Amino acid sequence: MDMHCPFCQNEDTKVVDTRINDDGHSIRRRRECPVCGKRFTTVETTMLLVKKRSGNVEPFDRAKVISGVRKACQGRPIDEDELKLLGQKVEEDLRSRGLAQIKSEEIGKAILEPLRELDEVAYLRFASVYQNFEGLADFQAAIDRLKGGEGGPDVANPSSRGAGDTPQTQTGNTQTGNAQTGNSV
Ligand SMILES: [Zn+2]
C-alpha cells in the first residue's frame, strides 16, 4: 500500500501504530517517514479480505474469529469482554501488516498468541484443531513449548542486579533427548 509522506513525498513510510475504530472498517494509522522523520496519521477504510483454502475471498469478519475462539474456551473462565478484546487484537495484528488480503490460515496463526496469554487450555484446544494435531506427541510438543515459555509474556524479571548466588536463567531446557553434554567446567 503506498502511503507517501505528505512532507517530503518519500514513498516508503513506516507504520508505527494501528488502531481500528469500533465499526471495524476504518483504521487509523500513525506513520513515520524514515527520510524526514516526521509522523502523520492516515485513516483508511479499506476492507480486509480473507482468501479461504477453497480460493473464495470474503471480507474479514471479527465475529467469526470470536465464535471460533469461544468454542475452544468452553468451560474456561473467560468472559465475553475478554473474547471481544482478543478479537480486536487479532484484527489489529492482521491489519497492521498493511495487506489488503490475507490467507485464512493467517487468522488462525494470529489467534494463537493472544489466546495462549489468555488461557493455556483453550490455547491447546484451539491449536489442536487449527494445527491438526494427530496424537499425543503433538500435544506434548505444544505443552513443552508452553512450559519452555517460548516467546512468553514478558516476565518482570528483576535479575541482573547482584542477584546473589542463584542466577535464575529462564531456560528450562530439560530435554529428554540423547544430548549428553559432558559438563566440563
Ligand atoms: Zn518525509
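Every number here is computed from the coordinates shown, using simple stated rules; none is lab data. Quantities reported herein were computed from a predicted structural model and do not represent experimental measurements. With ideal geometry, Cβ positions are generated from the backbone for all residues, glycine too; neighbour counts draw on all protein chains shown.
Among residues other than residue 96 whose Cβ falls under 13 Å from its Cβ, what is the net charge (Lys/Arg +1, Asp/Glu -1)? Can you show the working numbers first?
On the way: positive: 14, 19, 28, 29, 30, 31, 89, 95, 97; negative: 17, 44, 91, 92, 93, 106.
Charge balance near residue 96 sits at +3.
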Going down the table (71/103; 51/89; 51/147; 14/147; 14/71; 38/84), which pairs top 28 Å between alpha carbons?
51/147; 14/147; 14/71; 38/84
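Enter the per residue convex hull volume of segment 1-132, computed from alpha-carbon coordinates, in Å³ rounded to the nearest integer.
It is 113 Å³ per residue.
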Segment 96-111 - phi-based ³J(HN,Hα) in whole Hz, Karplus 6.51/-1.76/1.60, Gly and Pro as x
5, 6, x, 9, 7, 9, 10, 8, 4, 4, 4, 5, x, 4, 5, 6
Fewest-first ordering of 36, 5 by Cβ atoms within 10 Å yields 36, 5
Among residues other than residue 32 whose Cβ falls under 11 Å from its Cβ, what is the net charge (Lys/Arg +1, Asp/Glu -1)?
+4
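Once you list every other residue whose beta carbon is under 11 Å from the beta carbon of residue 57, what net charge do they have if Lys and Arg are +1 and Asp and Glu are -1?
Working: positive: 51, 52, 103; negative: 58.
Charge balance near residue 57 sits at +2.
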